[in-house]
Amino acid sequence: MKPEEQYLVARLRQNARITLTALARETGIPISTLFDWMRALPTFGVTRLSALLDFPALGLRTQATLLLKTAKRDKLQKHLRCAEPVNSLWRINNGYDFIAECAFKDLRELEEFCDVLKRNYGVKNVETHLVIEELKREGAFMTLPKLQGVKRDE
């Protein structure tokens, strides 16, 4: 990835709604070039630009990471991919099958969710890790302070 393309990705991580006109003005890169780069973002690993949610502000005050072991991996995976409380899902190794990042209204809702997983999806073991405090989210990786020297016409 060229430095200008890295800057574009970093700038979009800062503000995904910035217009091409504003980016062109800010960088000195022609709009047509920026448009071509925007269309090529998936080749740089940028699959989508989205908002980060503030779960407590949405009434989801209990956040947890669940490590799950099951005998019915395919069935559980299909369920978790569609389950409303599941924000992110990964298949893992070392004694567990999945890690699920989840958000719930309260502890009771978390317990009910885990009970359903055990009862209906063959989950043998659930290791629950509650989030006590968010310390960092979507941090400094590919952000502007690291790429400040890339910017043109300043």
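The values are calculated or read from the model by the stated rules, or taken from the named source; none is laboratory data. All figures in this text were calculated on a predicted structure; none of them were measured in a lab. No Cβ is skipped: glycine too gets one built from the backbone with ideal geometry, and neighbour counts run over all protein chains shown.
Some points to look at:
- Residue 59 fulfils the conditions (1) closer than 30 Å to residue 127 by Cβ; (2) free of Cβ contacts under 8 Å to residues at least 40 places away in the same chain except for a single criterion, (2).
- Which listed residue is touching a helix residue (DSSP H, G or I) at 6+ places or on another chain (Cβ under 8 Å) and hydrophobic (A, V, I, L, M, F, W, C), from 60, 68: 68
- Residues in the stretch 1-31 that are without any contact (Cβ under 8 Å) to a residue 60 or more places away in the chain and among the basic types (Lys, Arg) were compared, and the one that is farthest from residue 138 (Cα to Cα) is 25.
- In this entry, residue 41 is excluded by the filter for residues that are modelled with pLDDT under 85, surrounded by 12 or more Cβ atoms within 10 Å (Cβ to Cβ) and under 19 Å from residue 131 (Cα atoms).
- Condition check for residue 34: assigned to a helix (DSSP H, G or I), touching a residue at least 24 places away in the same chain (Cβ under 8 Å) and among the hydrophobic types (A, V, I, L, M, F, W, C): yes
- Exactly one residue out of 17, 13 is over 30 Å from residue 124 (Cβ atoms) and in a helix (DSSP H, G or I): that is 13.
- Hey, residue 78 of a type in the set (Lys, Arg), outside any strand (DSSP E or B) and surrounded by fewer than 19 Cβ atoms within 10 Å (Cβ to Cβ) or not: yes
A quick yes/no check of all residues on (1) at pLDDT 95 or above; (2) assigned to a loop (DSSP other than H, G, I, E, B); (3) not assigned by TED's automatic domain parsing to the domain that holds residue 74:
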| position | (1), (2), (3) |
| --- | --- |
| 94 | no, yes, no |
| 110 | yes, no, no |
| 119 | yes, no, no |
| 126 | yes, no, no |
| 140 | no, yes, yes |
| 146 | no, no, yes |
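- Residue check for residue 52: surrounded by fewer than 16 Cβ atoms within 10 Å (Cβ to Cβ) and within 17 Å of the chain's Cα centre (by Cα): yes
- The stretch 92-128: number of residues that are of a type in the set (Val, Ile, Thr) and buried (at least 16 other Cβ atoms within 10 Å of the Cβ): 3
- Residues being loosely packed, with under 15 Cβ neighbours inside 10 Å and at pLDDT 95 or above - total across the stretch 66-75: 2
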